[in-house]
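**Q** Submitted below is the structure of interest, expressed as structure tokens.
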Amino acid sequence: MAESNKMKDMPVNKLMIQMGIPMILSMALQAVYNIVDSAFVGNMKTGSESALNALTLVFPVQMLMVAVGIGTGVGTNALLARVLGQENRKKAAKVAGNSLFLGIVIYAVCLLFGIFGVKAYISSQTVDAEVLTMGTDYLRICCVISFGIIFFSLFEKLLQATGRSLYSTIGQVAGAVINIILDPIMIYGIGPVPEMGVKGAAYATVIGQVASAVLLLIFHMKLNKEFDHGMKHMKPDAGIIKEIYAIGLPAIIAQALMSIMVYVMNLILKFSPSAQTAYGLFYKVQQFVLFLAFGLRDAITPIIAFAYGMRSKKRIQDGIKYGLIYTTVLMVAGLAITEIFPNAFATLFNAGQSREHFISAMRVISISFIFAGINVAYQGIYQALDGGMESLIISLLRQLVVILPLAGIFSIFVRNGQAGVSLIWWAFPITELVACAVGYMLLKRIRKTKVDSMN
């Protein structure tokens, strides 16, 4: 198989660039979904401020759905790459089939929440009736039609595990283009389509996601010939599911912690709706930059996992080295863009009363990008080497243990009038620096126990 030979023989630095660029583009386009929605919604004729606030409040649940889909896909990706490295075709088919079974279960949970839990969730963060209505409408649509993003995440990782990352990017581009075309048509009402406002933004998003998922399903069935396909392989296998989540659960928790962090930050900033909206807008810009690191991580993980499966010490070491170098380069570029053009982003979103807070957040929080990107690369390395616990530790530090207490403490000074809201933003770079220091120590330990001792 040409793709498997590439994973085995191509120099790691070239392989990482070849696989990484499509994955980076894919993840960047995934972040574009939320940025595009916010940009169009922010320019609505009426209710734009409320609409932007509503999108800020629904964002954590959107992230959580993506978290479970991507986390399951990460476990599938690493396990499938390792099994293919061992040339075990039968088990590879079971791994792929069980991941799709898990996708059905995940969608069922999202559907139930969309029907019964959305209103209670939104009302916990706001008392504004207009924001509550807009947020409920948007999130309910995204949950009920969430099968698009869930199965896209799974098919994307199945293609990446076999080295076919270009095709996952094609699917992502198709969905993003559809979303961008439909957003103004459905939000503002163009031609025969009625003006739907926030509901239109939700429908444009899920239609794009479903289109991406369908296209990747076709690529998966046509191109992934390293293992067999069919319903029989979807029969639940407790052993396979356990192996998937031994790798993927830390990734799910890591992504879920991001949702929890954003939700709690919304509660911390509840005293200032404009600061709350500004944080939600900046978080989407931040995710766009960090998704570049996530995309490269999705190349780092299968490359190192494949090398780990074939017991190639040199390829593992090269994967670690080039993964960290390339991630740092990406994050330096992201830092430069956000520090130089904060006003341009504020204008894109028509931030209004939130503009000052938004620019302040961008100036301060973007300092954390380099450390945050390295932390993401660390987690990809850990996952490839069965280091789920190490990955979980970094996630807990970044999204729970350090960030939320710091932000909560800083918010006390803000409410007492002793400092500006920008003090809260400083919790982010402090947190990422602490996590990066711990991550370096964990990397040294996992290299010593998993790589250096390898014959």
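The values are calculated or read from the model by the stated rules, or taken from the named source; none is laboratory data. Keep in mind the model is a prediction, meaning the values are calculated, not measured. Ideal geometry is used to build each Cβ from the backbone, glycine not excepted, and the neighbour counts take in all protein chains shown. Side chains are part of the model used for accessible areas, which takes the heavy atoms of the whole protein and leaves out ligands, DNA and RNA. Shrake-Rupley method; radii C 1.70, N 1.55, O 1.52, S 1.80 Å.
**Q** Provide the three semi-axes, in whole Å and in decreasing order, of the ellipsoid equivalent to the range 60-114 as defined by the square roots of 5 times the Cα gyration tensor eigenvalues.
**A** Over the Cα atoms of the range 60-114, the semi-axes work out to 27, 12, 4 Å.
**Q** What size of dipole, in debye to the nearest 20, comes out for the range 284-415 about its Cα centre when the only charges are +1 on Lys and Arg C-beta atoms and -1 on Asp and Glu C-beta atoms?
**A** The dipole of the range 284-415 has a size of about 160 debye.
**Q** Mind putting together the pair-distance distribution for the range 35-126? All Cα pairs, 10 Å bins, whole percent per bin, short to long.
**A** Going from the shortest bin to the longest, the percentages are 14, 30, 26, 17, 10, 2.
**Q** Right, something else. Assigning unit charges at the beta carbon (Lys, Arg +1; Asp, Glu -1) and nothing else, what dipole magnitude in debye, to the nearest 20, does the chain show about its Cα centre?
**A** Dipole magnitude for the chain comes out near 1480 debye.
**Q** Place +1 on the Cβ of every Lys and Arg and -1 on the Cβ of every Asp and Glu in the chain, take the dipole about the Cα centre, and give the residue among Tyr167, Val206, Val95 whose Cα lies farthest towards its positive end.
**A** Val95
**Q** Membrane-span-like helices in the chain: DSSP H runs reaching 20 Å or more (Cα, own axis), mean Kyte hydropathy at least 1.6? Write down the numbers at each step before the final one.
**A** On the way: long enough: 12-41 (43 Å, 1.19); 48-85 (52 Å, 1.21); 89-116 (42 Å, 1.30); 129-144 (22 Å, 0.91); 147-161 (21 Å, 1.42); 165-184 (30 Å, 1.05); 198-223 (38 Å, 1.41); 238-268 (42 Å, 1.62); 273-309 (50 Å, 0.78); 313-340 (41 Å, 0.54); 369-384 (23 Å, 0.93); 427-446 (28 Å, 1.27).
Going by DSSP H runs, the hits are 238-268.
**Q** Another question, if that's okay. For a protection proxy built on the mean count of beta-carbon atoms within 10 angstrom, sort 160-168, 124-132 highest first, please.
**A** For the peptides 160-168, 124-132, the packing ranking is 160-168, 124-132.
**Q** Something else about it: Carbon and sulfur: what percent of the chain's accessible surface (1.4 Å probe)?
**A** With neighbouring chains kept in place, the figure for the chain is 68 percent.
**Q** Could you state the principal axis extents of the C-alpha atoms in the range 133-195, from the largest down, to the nearest angstrom?
**A** Here the spans come out as 43, 25, 14 Å, largest first.
**Q** Beyond a 24 Å Cα-Cα separation, which of these cross-linked pairs lie in this structure: Lys94/Lys313; Lys6/Lys444; Lys94/Lys450; Lys222/Lys321; Lys157/Lys232; Lys91/Lys448?
**A** Those over the limit are Lys94/Lys313; Lys6/Lys444; Lys94/Lys450; Lys222/Lys321; Lys91/Lys448.
**Q** Order of 183-190, 96-103, 9-16, 279-286 by packing, highest average Cβ count within 10 Å first? Mind showing how you got there, number by number?
**A** On the way: 183-190: 18.2, 96-103: 23.6, 9-16: 16.4, 279-286: 25.8.
Highest-to-lowest ranking by the protection proxy: 279-286, 96-103, 183-190, 9-16.
**Q** Sorting check: for 316-328, 333-345, 213-225, which peptide has the highest mean count of neighbouring beta carbons within 10 Å, and how do the rest follow? Could you put the intermediate results ahead of the total?
**A** Numbers: 316-328: 20.7, 333-345: 15.5, 213-225: 17.2.
The densest-packed peptide leads the list: 316-328, 213-225, 333-345.
**Q** Counting pairs of Cα atoms in the range 193-280, how many percent are more than 16 Å apart?
**A** The share of Cα pairs beyond 16 Å in the range 193-280 comes to 77 percent.
**Q** I'm spelling it out carefully: the read-out is Cα Rg over 2.2 N^0.38 Å, the candidates are [x] 1.08; [y] 1.36; [z] 0.95, and one was derived from this structure. Which label?
**A** Read-out from the structure maps to [z].
**Q** Okay, moving on. Does the range 235-354 classify as rounded, prolate or oblate by the C-alpha gyration tensor (a ≥ b ≥ c root eigenvalues; a/c under 1.5 gives rounded; else a/b over b/c gives prolate, otherwise oblate)?
**A** oblate
**Q** In whole Å, how far is the Cα centre of the range 40-81 from that of the range 374-396?
**A** 22 Å
**Q** Quote the charge dipole size of the range 92-199 about the Cα centre in Debye, to the nearest 20; the model charges only the Cβ of Lys and Arg (+1) and of Asp and Glu (-1).
**A** 500 debye
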